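Nothing in this text is a laboratory measurement; each read-out follows from the coordinates by a stated rule. Quick caveat: nothing in here was measured; it's all calculated off a predicted structure. No Cβ is skipped: glycine too gets one built from the backbone with ideal geometry, and neighbour counts run over all protein chains shown.
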Amino acid sequence: MTKRLILVFDTSPLIVLLDELGMHEEIQRLAQLATIVIPKQVTAEYGKSIKIEGALTRATENQRIGKRGLGAGEQAVISIAKTLAQNSADTAVIAVSDDKRARKVCKEVGIECMGTLGLIELMKKNRIITKAKAITTIRAVEKTSLYVTKHLIDEVITKIQNQEP
C-alpha cells in the first residue's frame, strides 16, 4: 500500500468476520497495516467488546448524510469516512459495510466502500491470508448470516484465483 489506509467498519462485517468466521488474528494483522475505526454506534449495535488492538472508537462527525433508510451504524460509518477523507489527501479512506443502501450512499457522496468479500480480498492482496485461505473463507461466507449470491461468490473466487500467489 502506498497511501495510508483507514477502514471505517460497520456492524455486519464485524459480526461475519469475528463471530461467524473467527478471523480475530487476521483482523488484528490487518490493524497493523491500516487504521481501523469503529463508530460508537457500531460498537453499541455489536453489543459486546470489540477486541482489535489499536482500533479507534469515534463519535459521529458533523456530516449531513440524511437518513436515506440507513441505520445509526451505517450513518455513522459514512459520516466519519466522509470527514476523514476530506481531511487527508494522502490517506485512502474506505467504508466497510455490507448494507446495500449504505454502499449506494457512499457512491453518491464519493466515499470508497467495500464489503466483507472485498475485505477478504484486501487481506489476501496484503498477504495477511494466502490465496487458498481467501478462497476457503469466501466459500465459508455462504454459511454465515451475510446474504450474498452464488454468482458474486464465484466472481470473487475467480478474481482471487487469477491473482499472483
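Quick one: dipole size for the chain, taken about the Cα centre, charges +1 on Lys/Arg Cβ and -1 on Asp/Glu Cβ, in debye to the nearest 20. Before the final figure, lay out the partial values.
Numbers: 25 positive and 19 negative charges, 45 e Å.
The calculated dipole for the chain is roughly 220 debye.
Measure out, as a whole number of angstrom, how far apart the alpha-carbon centroids of segment 91-110 and segment 111-145 sit.
17
In vacuum, with every alpha carbon of segment 86-165 counted as one equal point scatterer, what does the Debye formula give for log10 I(q)/I(0) at q = 0.17, 0.20 Å⁻¹? Two decimals, please.
Results for segment 86-165 at q = 0.17, 0.20 Å⁻¹ read -0.74, -0.95.
For the chain, what does the helix formula give at 222 nm: sum of -39500 (n - 2.57) over DSSP H segments with n ≥ 4, over the residue count, nearest 500 deg cm²/dmol? Mind showing how you got there, number by number?
Numbers: 8 runs with 79 residues, N = 165.
Computed mean residue ellipticity for the chain: -14000 deg cm²/dmol.
Which is farthest toward the positive dipole end of the chain among LEU21, THR144, CYS106, measuring Cα position about the Cα centre, with Cβ charges +1 (Lys, Arg) and -1 (Asp, Glu)?
After comparing all options, I get CYS106.
If neighbour count is taken as other Cβ atoms inside 10 Å, put TYR147, TYR46 in order from fewest to most. List each step's numbers first, then the result.
Numbers: TYR147 11, TYR46 19.
Ascending Cβ contact count within 10 Å gives the list TYR147, TYR46.
How would you rank MET123, MET114, going from fewest to most other Cβ atoms within 10 Å of each one's own Cβ?
On the way: MET123 22, MET114 19.
Exposure proxy ranking, most exposed first: MET114, MET123.
With everything on Cα atoms, drop me the angle between helix 100-109 and the longest principal axis of the chain, reported from 0 to 90° to the nearest 10.
Long axis of 100-109 versus the principal axis of the chain: about 60 degrees.
Which entries in the list LYS51/LYS125; LYS51/LYS107; LYS51/LYS104 go over 27 Å, if you measure between the two C-alpha atoms of each? Write out the running numbers ahead of the final one.
Working: LYS51/LYS125 24 Å; LYS51/LYS107 30 Å; LYS51/LYS104 29 Å.
From LYS51/LYS125; LYS51/LYS107; LYS51/LYS104, over 27 Å: LYS51/LYS107; LYS51/LYS104.
How large is the translational diffusion coefficient of segment 4-119 in µm² per second when you combine the Kirkwood radius over alpha carbon pairs with Stokes-Einstein at 37 °C and 0.692 mPa s?
On the way: Rh = 13.9 Å.
The estimated diffusion coefficient comes to 236 µm²/s.
Quick one: longest stretch of the chain between exposed loop trypsin sites (Lys or Arg not before Pro), exposed meaning at most 15 other C-beta atoms within 10 Å and loop per DSSP? The partial results should precede the final answer.
Working: sites that count: LYS3, LYS48, LYS51, ARG64, LYS67, ARG68, ARG127, LYS143.
That gives 69-126 as the longest site-free run.
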